[in-house]
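The block underneath contains the structure these notes are about, expressed in structure tokens.
What follows is calculated from the coordinates using simple rules that are stated; it is not laboratory data. Please read these numbers as outputs of a predicted model, since none were measured by experiment. Every residue, glycine among them, receives a Cβ derived from its backbone with ideal geometry; neighbour counts consider all protein chains shown.
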Amino acid sequence: MQELPPLSLYVHLPWCVRKCPYCDFNSHRAGEHAPYRRYTDVLLQDIASEGARARGRQVVSVFLGGGTPSLFEPSLIVRVLDACRNELDLAADCEITMEANPGTVEHGSLGAYAAAGVSRLSIGAQSFNEQALRALGRIHGPGEIHAAYEEAKRAGFASINLDLMFALPGQTLDTARADVSEAIALSPAHISYYQLTLEPNTVFHQKPPDGIPGDELVWEMQIDGQRRLVDAGYAQYEVSAFAKEDHRCRHNLNYWEFGDYLAVGAGAHGKFTYPDGRVARYRKNANPLAYMERLERGQARPDDDELGRDDLRFEFMLNALRLTGGFRKDLFAERTGLDPADLAGPVSEAVAAGLLLETDERWQPTADGLRFLNDLQARFLP
């Protein structure tokens, strides 16, 4: 029988003060009358349903994402996390992450979230440059990032992440360096350093902003920023993730290592491995109103979409190839139930192209494999 992988929980809180023009997440403008309490009531039903699915399995991490979870007052987050503890078997050292926008952090609120059990805070800084933040449509300024970070430190979070973007409209190598330096100076436990991309179904994709840096400058920003982070004591363990010792994000690692995750909230996606070895994906209604109405009517959770052999192979590699240190060959067998020999053809091609390193026990992307990650991942398409 296939050994079951680690299990996480993702909870989606879908409202923002306003929609950023680059964002392709399932987020919606809150307005004055967002139904936070009604939505929370429905989340508790959803958590109970997912708890029934996961009976007998331990949950190693919980991630409250959005949207902007920090728009939900602490008492509502308390209710959500209490339901998680009541309906699920949370590990004693369960990592509980919550995303926060610096523009929505009120004095004292982060301490209340920490008291509710949130152990890891992810602050969406994106840039410390006023002009860049305006171009990105962010509602905060550099001062609010510093204020939110200091508030988080006072609240006593065990781990704080800063999200930082590069390749921004009008950005130069010097301003990109300044952003990285300012993030390092705050000394968070974790920094996510990733490129702005113009995703389909976003305002920026429909109407690209002026001043987007060219490919060579973007590559220079990426390499320079990564080098500075490593020199400052941050180990890169994934394409965009840098952490001090013992502060890697366990929740995201579970995605990249093809673990399982339960889905709660509007538009949330889940992946679940059954004891008989079947692996399935599922998703909740993306529209918050439709999502709430469905659960309030007591309708059954959505149908599973079972993954076939080719999809299993590709989805594992799509995730695991993001890890800079690569992965064990036997992990592929553990998480998919497939023979690593099934990958022989595309692996040989990737090794010959200089995109992948192979040893007796591991596969690992080369520097070129990470730079041209889409090309490497595409070699494993069904």
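Coupling constants for segment 362-376 follow from the phi torsions by the Karplus curve (6.51 cos²θ - 1.76 cosθ + 1.60, θ = phi - 60°), and in residue order they are 9, 10, 8, x, 7, 4, 5, x, 6, 5, 10, 4, 4, 5, 5 Hz; glycine and proline get x. Net charge dipole, segment 7-255: roughly 580 debye, given to the nearest 20, about the Cα centre with Cβ charges of +1 for Lys and Arg and -1 for Asp and Glu.
When you count the other C-beta atoms within 10 angstrom of each residue and take the mean per peptide, 95-105, 188-198, 366-376 line up highest first as 95-105, 188-198, 366-376.
Evaluating 6.51 cos²θ - 1.76 cosθ + 1.60 at θ = phi - 60° for every residue in segment 316-333, the Karplus couplings come out as 4, 5, 4, 7, 5, 5, 6, 7, 5, x, x, 7, 5, 4, 6, 5, 4, 5 Hz, glycine and proline recorded as x. Among the chymotrypsin sites (Phe, Trp or Tyr not before Pro) in segment 125-157, none sits in a DSSP loop with a Cβ that has at most 14 other Cβ atoms within 10 Å.
Only Cα pairs under 8 Å and at least 6 apart count here; give the relative contact order of segment 7-255 as a rounded whole percent. The value is 18 percent.
Taking loop as defined by DSSP and a crowding limit of 14 other beta carbons within 10 Å, which GluC sites (Glu not before Pro) in segment 170-250 fit?
Sparse-neighbourhood loop GluC sites (Glu not before Pro): E245.
Highest mobility in the GNM of the chain, judged by mean-square fluctuation with C-alpha springs under 10 Å and restricted to G124, G137, G298, is found for G298. In segment 309-378, the ratio of gyration radius to Kirkwood radius, Rg to Rh, stands at 0.92 when only Cα atoms are counted.
Shown for the chain: cysteine residues without a partner Cβ closer than 4.7 Å, namely C16, C84, C94, C249. Annotation for segment 53-78 versus segment 17-43: alpha-carbon center distance of 15 Å. Close amide H pairs (under 5 Å, H built 1.01 Å from N) link L9 with S61, V62, F63, L262, residues at least 5 positions away or on another chain. Listed by chain and number, the lysines whose alpha-carbon sits under 25 Å from that of K271, ignoring those within fewer than 8 places in the same chain, are K284, K329. Shown here: segment 7-255, whose C-alpha atoms stretch 51, 41, 33 Å along the first, second and third principal axes, sorted largest to smallest.
Between G143, G65, G117, the residue with the greatest mean-square fluctuation in the GNM of the chain (Cα pairs under 10 Å linked by springs) is G143.
Per-residue Karplus couplings for segment 264-269, computed as 6.51 cos²θ - 1.76 cosθ + 1.60 with θ equal to phi - 60°, are listed in order as 10, x, 4, x, 5, 9 Hz, Gly and Pro entered as x.
Please say if segment 168-232 is rounded, prolate or oblate, where rounded means a/c under 1.5 for a ≥ b ≥ c the square roots of the C-alpha gyration tensor eigenvalues, and otherwise the choice is prolate for a/b larger than b/c and oblate otherwise? It comes out prolate by the Cα gyration axes. For the listed peptides 310-323, 337-350, a ranking on the average number of other beta carbons within 10 Å per residue, highest first, reads 310-323, 337-350. Between D260, D82, D163, which gets the highest mean-square fluctuation from a Gaussian network model of the chain, Cα cutoff 10 Å? Residue with maximal mean-square fluctuation among D260, D82, D163: D82. With all projection directions averaged, the alpha carbon convex hull of segment 217-374 covers 12.3 nm².
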